[in-house]
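Shown next, in structure tokens, is the structure this report addresses.
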Amino acid sequence: MSTEPDSAAEGIDWRSEASNAEMSRRDRLSELYEQKIRVPAVVAWSDDRTRLGLLIISVYLFMALVDIFGLWRDSSPNQADRFLRPFENMQYPLGTTNSGRDLLALIIDSTPFILLMVLAGGVWATTLAVAVGTLSGYKGGTVDTVITAISDFFMAIPGLPLVIVLAIALSPENPILLGVVLTINYWAGLGRSIRSQVLSIREASYVEASRTMGTSTPRIIIKDVLPNIMPYVMVNFVLAARYTIFAAVGLYFIGVLPYSGQNWGVTLSNAYYQGSLFSMQALHWLLVPIIAIVGLAFGLILLSQGMDRIFNPRVRTRLTGESESVTEDTDTSTTEMI
Amino acid sequence: MNYYLKRTAQIPLTIFAVATLTFGLIRLLPGGPFTQLRLELLQQGVPAEQVDARIEALQNIRPDAPLWQQYLDYMVGVAQLDLGQSISLNEPVIDVLARSLPWTVFLVVTSTILMFVVGVVIGSLQAYWEGSRFDRLTSGGSIFLMSVPYYIFAVIFLFILAFQLQLFPTGNAVDRGVDASLSLAYFSSVLHHAALPILAFTISGIGSTALNMRGNGIQVLGKEYVEVARLRGLSNNRIATRYVARNAILPMYTGLLLLIGFRLGGTVVLEEIFSYPGLGYYMIQAVNANDYPLMMGCFLVITVTLVVGVYIADLTYGLIDPRISAGDSDEY
């Protein structure tokens, strides 16, 4: 493969392209497409994990579309017999609850809500973290000290208890607001690890070259620094999304988030507290929301693992069959754990 | 030494800031806890002066005093460990917290250590046997474990092991009637009650720890110094522990700070599911009973616990990695 395996080389791409005056705009666009879209896509698609991950996520997107276009019935009490088991009656493929609600309808009803919330949480957490991390890592000095102190403070507050207190004051029922509230201090930790990545990038010779040439700080950050941390950011976007759904369902489950209408967490909570704990008869009521949650998280993680493969130069060289392994000192993602 | 001094000085500062935030949450948020409590009492037909007096008795806040006065009163109260009076339990908040804090710390510390040890062992075996069948199987398993939140494990364990098979208790930290003492009966009762929460909390973290360790291990195994150590004829054991394990574990240590935070916050859900009488359990009870002094007390103490926990982790980090530096950088 003709692309440079070293991620550091991608940072100078824009310069070498810009200096190459004979290249037409069209050539440049097609090269950009080749390098940034086609090659990564091919590498990604060759990985089973990405394929499976994308497949799973598209199932959820499909469910969201089904709900938006109203292709499946809405859930309502007494729409069917109580406690139908899954696949017992194919009109209600996943069975029904104690009040005769169609479980599949329950799951589909809240899919758009959950996806929107997950997206909002992920975007909010990663955008803020990238802004804070690159600024403090690249600028250094006083800016760094101040930002580090602030994010230290936010890191010192455990997420879920803070969300519980905020939820009482804000009553977030809007999915976007809820996503933001759930990841209210997630940016601090992620920003910290982005900062440590930027710290090593800013010492790189091509960044130093840009500085010597008098390139402005915002331009250096956008053109030299950001492309290098993008892979890490993408992977962490997925992890932040996973955190959002875990936190939301957990808090719905113990009943501290306000809700109107059921969603996966509320369904899980109802199933748990209204008796399926004691009888095997209602086990499916408990399992269906669990599978919905775990499935989405599984898809997200597979995707992040697959993306790691495109972005991580070490893995990519091995894949393309080059023997030389590029040793890169990346901080392993610290926010991977919950 | 300078580093340790600096780090120690940070603690009171952070706690001060957190107490200020707690005050802000209590007092300043529109529709915050005490505004709601006040409205509730007023709606019940309690006269306004009595409402203020009652709130003052509950939390050292006089709703009619100027804001800075309220702030000072609150901070002085916190410094004297006076966090107000619990409404639902009808005893000082600090007593409830003192009773429940040890259980939460016990859960978090035990499960985090277990998770770390098991995850590191699995991850390093995977790194050594990279590409083997064991590696592929456990990698798949790790990815799966990462996608199951701990409370799902908690619910499943509780359903199967506690409710259906009745092997474990479904609530509390010790059996009723077993007194706190250094007896075997007490300890076995404590372990029996804590087994499921700890198991659920440990299992869900193993996946990401193992994957992290695997990645680091593979990276370290490819380093030249490991090759050199082999050429020098050092024993495999020595290479594995001194050269590989140490360097692979170090980067994970920095993530510990976030990890402790996530896990401490996570006890809110975990303890509620197991009715385990720790800080998180009381916090949810307080939320459900509109017991705001207790809720904010729990919030404050969980945060302080996190600050202290991270401090201790930082100190041990200095022991493992002597290169620790203040991390100040030049300004561009």
(message) 5 Å is the cut-off here: which amide hydrogens, built 1.01 Å from N in the peptide plane, fall below it relative to B:TYR276, excluding neighbours closer than 5 in sequence?
(response) B:ASN172
(message) So if I take the centroid of the Cα atoms in region A:99-116 and the same for region B:179-246, what is the distance between those two points in Å?
(response) 40
(message) Per-residue Cβ counts within 10 Å, from other chains only, averaged over B:209-220: what number is that?
(response) 3
(message) If amide hydrogens are placed 1.01 Å from N in the peptide plane, which non-local residues have theirs closer than 5 Å to the one on B:GLN85?
(response) B:GLN59, B:VAL93
(request) Filter the chymotrypsin sites (Phe, Trp or Tyr not before Pro) in region A:53-122 down to the DSSP loop ones having no more than 13 other Cβ atoms within 10 Å, then list what survives. (result) A:PHE69, A:PHE87
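List the chymotrypsin sites (Phe, Trp or Tyr not before Pro) within region B:117-149 that fall in a DSSP loop (any state other than H, G, I, E or B) and whose Cβ has at most 10 other Cβ atoms within 10 Å. Display every interim value, and only then the final one.
Working: sites: B:TYR128, B:TRP129, B:PHE134, B:PHE144; in loops: B:TRP129.
Those that pass, being in a loop and sparsely packed, number zero.
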(message) Under 27 Å between alpha carbons, and skipping anything fewer than 8 positions from A:LYS36 in its own chain: which lysines qualify?
(response) A:LYS223
(message) How far apart, in nanometres, would the label points at A:ARG73 and A:MET213 be if each is projected 7 angstrom from Cα along the Cα-to-Cβ direction?
(response) 6.6
(request) Find the relative contact order for region B:100-290 and round it to a whole percent, using C-alpha pairs within less than 8 Å whose residues are 6+ positions apart. (result) 35
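Shielding by partners for A:214-223, please: the mean number of other protein chain Cβ atoms within 10 Å of each residue's Cβ.
Details: counts 0, 0, 0, 1, 0, 0, 1, 0, 0, 0.
Per residue, the number of nearby Cβ atoms from other chains is 0 on average.
Which is the longest part of chain B that has none of the trypsin sites (Lys or Arg not before Pro) sitting in a DSSP loop with at most 10 other Cβ atoms within 10 Å?
Numbers: sites that count: B:ARG176, B:ARG232, B:ARG323.
That gives B:1-175 as the longest site-free run.
Over chain B, what is the relative contact order in percent, taking alpha-carbon pairs closer than 8 angstrom and at least six residues apart? Don't skip to the end; give the middle numbers.
On the way: 362 pairs, mean separation 78.5, N = 332.
Relative contact order for chain B comes out at 24 percent.
Using 1/(1 + (r/R0)^6) with R0 = 30 angstrom and r between the beta carbons of B:TYR128 and A:ARG51, what's the FRET efficiency to the nearest 0.05? Don't skip to the answer; put the middle values down first.
Values: r = 29 Å, r/R0 = 0.95.
So, using R0 = 30 Å, E works out to roughly 0.55.
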(request) Would you mind telling me which residue in B:PRO12, B:PRO169, B:PRO197 has the biggest mean-square fluctuation in a Gaussian network model of chain B, where springs connect alpha carbons within a distance under 10 angstrom? (result) B:PRO12
(request) Compare the peptides B:306-315, A:232-241 by average per-residue count of other Cβ atoms within 10 angstrom and give them in order, highest first. (result) A:232-241, B:306-315
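Each reported figure results from applying straightforward, stated rules to the coordinates on display, with no laboratory input. Quantities reported herein were computed from a predicted structural model and do not represent experimental measurements. Positions of Cβ are generated from backbone atoms using ideal geometry, with glycine treated the same way; all protein chains shown enter the neighbour counts.
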